[in-house]
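Some notes on the structure that comes next.
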Amino acid sequence: MHPKKIPLLPPSDLARITMRPREDQKRLLSGVRSAKVPYKYTPLRKCMSDIFQAASPLFPARVMTPWALVARKIIKNAESRREAIENLRIAKILYNLATTECDHVVEIDVDGLKLGLDRHLKDIGGRLTFWSPYVLYEGERSFVTFLELRRKGGCETQAAQKFVFSMMHHSIREADPDLADVELAIAYMPGLKRRSLTLLEPKTTEFMSIDELQDRVEFTYNTWFEVLFEREQKKRAAG
């Protein structure tokens with residue numbers, strides 16, 4: 001498989017699977033499909049700055065974007081009615097968080113964590129990013145969130161959450177002295193027809209080391225490449 005065709009694991013799947021026993025990982029990775037999904041969150045991601053009402057170092061004054069304008073942009077970028085509905089649900093939750101719960105939101109520029117993985121991930125320039133690029137200020141508190149957009153099957157376990165928080169800790173707090181005291185949270189929005197927001201925070205101040213993250217991610221990705229290679233072989237054999 002050519003490197004450009006290698007799909008990176010979605011962050012939620014990586015967090016969920018890499019913390020499982022190694023003997024279980026190939027089976028779990030085989031369940032990660034590369035097929036077309038019913039809808040994507042691309043329209044949401046294109047409007048993140050408007051949703052979070054974020055200021056930036058170049059433009060420190062917060063510009064308030066009306067919800068109606070955000071909604072129109074999402075609908076315009078959606079490829080189907082269902083995609084528009086699902087994106088609007090999440091966008092409205094995040095918009096309310098930014099406009100009613102937060103005093104201020106600032107956009108930050110933090111590189112993804114580039115672990116010393118094998119040549120496959122290096123070839124595609126993979127960086128592992130487990131956060132949205134915004135600091136949310138609420139009173140004296142400030143925090144950065146990882147957006148868990150899945151209804152279920154994402155970072156539901158404490159082990160997966162520990163992995164995410166460890167990635168955030170090393171990439172944000174340890175990498176940037178200005179963000180050393182920022183709090184970490186997972187914005188979790190489960191549910192089927194109705195989705196509500198829960199901010200999950202670390203239950204411990206002890207995080208996984210870079211070496212442990214490196215070891216786990218490297219093993220999981222090597223197994224993932226093995227799964228992809230076997231899929232490719234079966235596809236070729238079937239003609």
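Every number here is computed from the coordinates shown, using simple stated rules; none is lab data. No experiment lies behind these values; they were computed from the predicted model shown. Glycine gets a Cβ as well: all are built from the backbone with ideal geometry, and neighbour counts include every protein chain shown.
Normalised by the residues of the chain, what does the relative contact order come to in percent, with Cα pairs under 8 Å and at least six apart?
Over the chain, the number comes to 22 percent.
Across the stretch 37-102, the relative contact order, built from alpha-carbon pairs under 8 Å that are at least six residues apart, equals 44 percent. Of the DSSP beta bridges with both residues in the chain, give the percent that are antiparallel, rounding to the nearest 5. Of all bridge pairs located within the chain, approximately 60 percent are antiparallel.
Scan the stretch 36-111 for GluC sites (Glu not before Pro) in coil per DSSP, keeping those whose Cβ has at most 13 other Cβ atoms within 10 Å, and list them by number. Before the final figure, lay out the partial values.
Working: sites: Glu79, Glu83, Glu86, Glu101, Glu107; in loops: Glu79.
Sparse-neighbourhood loop GluC sites (Glu not before Pro): Glu79.
Where does the charge balance sit around Leu28 when Lys and Arg score +1, Asp and Glu -1, over other residues with C-beta under 11 Å from its C-beta? Result for the neighbourhood of Leu28: +2.
Kirkwood hydrodynamic radius of the stretch 37-102 from all distinct Cα pairs, in Å? Before the final figure, lay out each step's value.
Numbers: mean 1/r = 0.0823 Å⁻¹.
Evaluated over the stretch 37-102, this radius sits at 12.1 Å.
Structure note, pairs Lys76/Lys152; Lys40/Lys73; Lys152/Lys203; Lys152/Lys235; Lys40/Lys92: Cα-Cα distances above 25 angstrom occur for Lys76/Lys152; Lys152/Lys235. What would the Debye formula give as log10 I(q)/I(0) at q = 0.12, 0.13, 0.14 Å⁻¹ for the alpha-carbon point model of the chain, no solvent? The Cα Debye sum returns log10 ratios of -0.75, -0.88, -1.02.
Only aspartates and glutamates eight or more places from Lys162 in sequence, or on another chain, were considered; those with a Cα closer than 17 Å are Asp13, Glu148, Glu174, Glu183, Glu201, Glu206, Asp211, Glu212, Asp215. Peptides 19-31, 142-154 ordered by packing proxy, namely the average of other Cβ atoms within 10 Å per residue, highest first: 142-154, 19-31. Dividing the helix sum by the residues of the chain, where each DSSP H run of 4 or more adds -39500 (n - 2.57), gives a mean residue ellipticity at 222 nm of -12500 deg cm²/dmol.
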